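S.K.: What follows is a single structure, and I will ask about it in a moment.
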Amino acid sequence: MQGVILAAGKGSRLHPITLHRSKAMVPVLGKPLVERVMEDLVANGITDFVLVVSPDDRDIVRHFHRECALDIDVRFVYQVERLGMANALLQAAPLIDQDFILSACDNLTSAQCVAQMIAAMNSDPQPNAVLSLMPVPRERVSSTGIVELDGEWVIHIVEKPALEEAPSNLSSLPLYCFRRFFLDYLPQVRPSPRGEYELQDAIQALIDDRGRVRGVFVRQRLTVTGPADLLNINRLYLTQGNDRPQLEAQTVGPNTHLITPLHIESGVTIGAHCVIGPNVYIERNCIIGDDVQISNAVVLRNVRIPDGARIVDLVLS
């Protein structure tokens, strides 16, 4: 099974964090968000990846050619215009030669969830696709894809329905398993009223034509929409011990206290009489002045923090 990751989005709601990097490349304890998503697939034996990226995202190409530690093969295709998920997947179609798992670059579930979906794809009767599902509050149904179920089978899916037209409150998350022939339905998709080619329209065409689209419920899911989400994800990775602790500050001044959990990258300079932590991630090449207190925070690369600053519950970029 191949892995296909959609990573061409700019992440405009993450500004100013994404002024100089794409959403896919925002860091989670020293690794790009997209790599964190891929780790769950790699844990399930997927090593052949196709990444759909923006033509101007040189950072993501450089990272996977030079810096990524995962033992994988990665090929890139470009989505020149951001015209929706069906259009993005259509760009990748020439490189997909088998059944595949599709994920957005900012959709973090778990390796166990991926395993559950792959098991459902291989179960009897064999489905044509598997969708990951999660209930959402009724007030959120108009901001996501919503499905109608008959037992475990999806019989209807619609993108961002009006509240009064929503068939349920079950959201289809951007994590799917598809047979390769699903790609044949993509050219049939027409632009939605918002001008995008919706993946949900292709899924509905598959349901109407062949049926057997199974739903699998997901217990937890993390995504990055705004800075608060990035702060939350990094804090969770710190507190859950998802990564090996890293304390690689270049210099630490006298009478400065480092309180774990903490993750500090190389090239960071910390002044005297500071209290750094707990729940802090500091990206590379930051300069932190004297008498600074930082807790429950993310400090992104090349930030300078003046003497006496108090940084709590913030993302600095």
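The values are calculated or read from the model by the stated rules, or taken from the named source; none is laboratory data. No experiment lies behind these values; they were computed from the predicted model shown. Because the Cβ atoms are built from the backbone with ideal geometry, glycine has one as well, and the counts that use them run over all protein chains shown. Surface areas here come from the heavy atoms of the whole protein model, side chains and all, with no ligands, DNA or RNA. Shrake-Rupley method; radii C 1.70, N 1.55, O 1.52, S 1.80 Å.
S.K.: Return the tail of the calculated pair distribution for the stretch 61-211, meaning the percent of Cα-Cα pairs more than 28 Å apart. Please list the in-between numbers first.
M.R.: Details: 2351 of 11325 pairs.
Tail fraction, whole percent: 21.
S.K.: Provide, as a two-decimal number, the C-alpha radius of gyration of the stretch 101-157 over 2.2 N^0.38 Å, N being how many residues it has.
M.R.: Rounded to two decimals, the normalised Rg is 1.24.
S.K.: Hey, another quick one. How much solvent-accessible surface does K31 expose, in Å² to the nearest 10, with a 1.4 Å probe and all protein chains in place?
M.R.: Surface open to solvent at K31 totals about 60 Å².
S.K.: Let me ask another. Where does the charge balance sit around E248 when Lys and Arg score +1, Asp and Glu -1, over other residues with C-beta under 12 Å from its C-beta?
M.R.: On the way: positive: R244, R284; negative: E265, E283.
Here the count lands on 0.
S.K.: In a Debye calculation with equal point scatterers on the alpha-carbon sites of the chain and no solvent, what is log10 I(q)/I(0) at q = 0.13, 0.15 Å⁻¹?
M.R.: -0.95, -1.18
S.K.: Would you please state which residues of the stretch 41-85 a label at R284 would reach in this model, taking the label point 7 Å out along Cα→Cβ and a backbone N cut-off of under 14 Å?
M.R.: 59-60, 62-69
S.K.: In the stretch 173-266, if every C-alpha pair distance is counted and binned at 5 Å from zero, what percent goes to each bin?
M.R.: Histogram of Cα-Cα distances, whole percents per bin: 2, 9, 14, 12, 11, 11, 8, 9, 8, 6, 5, 3, 2, 0.
S.K.: Checking the a/c ratio against 1.5 first, then a/b against b/c, what shape does the Cα gyration tensor give for the stretch 53-100?
M.R.: Details: a/c = 2.92, a/b = 1.28, b/c = 2.28.
Judged from the Cα gyration tensor, the stretch 53-100 comes out oblate (a/c at least 1.5, b/c at or above a/b).
S.K.: Just the number please: accessible area per residue for the chain, 1.4 Å probe, all protein chains included, in Å². Display every interim value, and only then the final one.
M.R.: On the way: 14380 Å² over 317 residues.
On a per-residue basis, 45 Å².
S.K.: Further, regarding this structure: Leaving out ligands, DNA and RNA, and with a 1.4 Å probe, what % of the accessible surface on the chain is carbon or sulfur? Don't skip to the end; give the middle numbers.
M.R.: Working: 6720 of 14380 Å².
It is 47 percent, rounded to a whole number.
S.K.: Amide H neighbours of T144 under 5 Å, counting only residues 5+ apart in sequence or on other chains, H built in-plane at 1.01 Å?
M.R.: HN-HN under 5 Å from T144: K160.
S.K.: Then there is this: How big is the dipole moment of the stretch 1-139 about its Cα centre under a simple scheme where the beta carbon of each Lys and Arg is +1, that of each Asp and Glu is -1, and everything else is neutral? Debye, nearest 20, please.
M.R.: Values: 12 positive and 16 negative charges, 118 e Å.
Roughly 560 debye for the stretch 1-139.
S.K.: Then there's this: Would you mind classifying the stretch 230-294 by shape? Square roots of the alpha carbon gyration tensor eigenvalues, ordered a ≥ b ≥ c; an a/c under 1.5 is rounded, otherwise it is prolate if a/b is larger than b/c and oblate if not.
M.R.: Working: a/c = 2.05, a/b = 1.69, b/c = 1.21.
Since a/c reaches 1.5 and a/b is larger than b/c, the shape of the stretch 230-294 is classed as prolate.
S.K.: Considering the zone a paramagnetic label at H273 would reach in this model (a point 7 Å from Cα along the Cα-to-Cβ line), which residues of the stretch 291-312 have amide N under 11 Å from it?
M.R.: 291-292, 308
S.K.: What's the FRET efficiency of R194 with H20 using the Cβ-Cβ distance as r and R₀ = 25 Å, to the nearest 0.05? Don't skip to the end; give the middle numbers.
M.R.: Numbers: r = 28 Å, r/R0 = 1.11.
That gives a FRET efficiency of 0.35.
S.K.: Still on this structure, please answer the following. Tell me, what is the 1.4 Å probe accessible area of S12, in Å² to the nearest 10?
M.R.: 80
S.K.: Quick one: length gained pulling W153 to A69 fully straight, 0.36 nm per residue minus the C-alpha distance? Let's see the in-between values first.
M.R.: Details: separation 84, 0.36 × 84 = 30.24 nm, distance 3.80 nm.
Using 0.36 nm per residue and subtracting the Cα-Cα distance, I get 26.4 nm.
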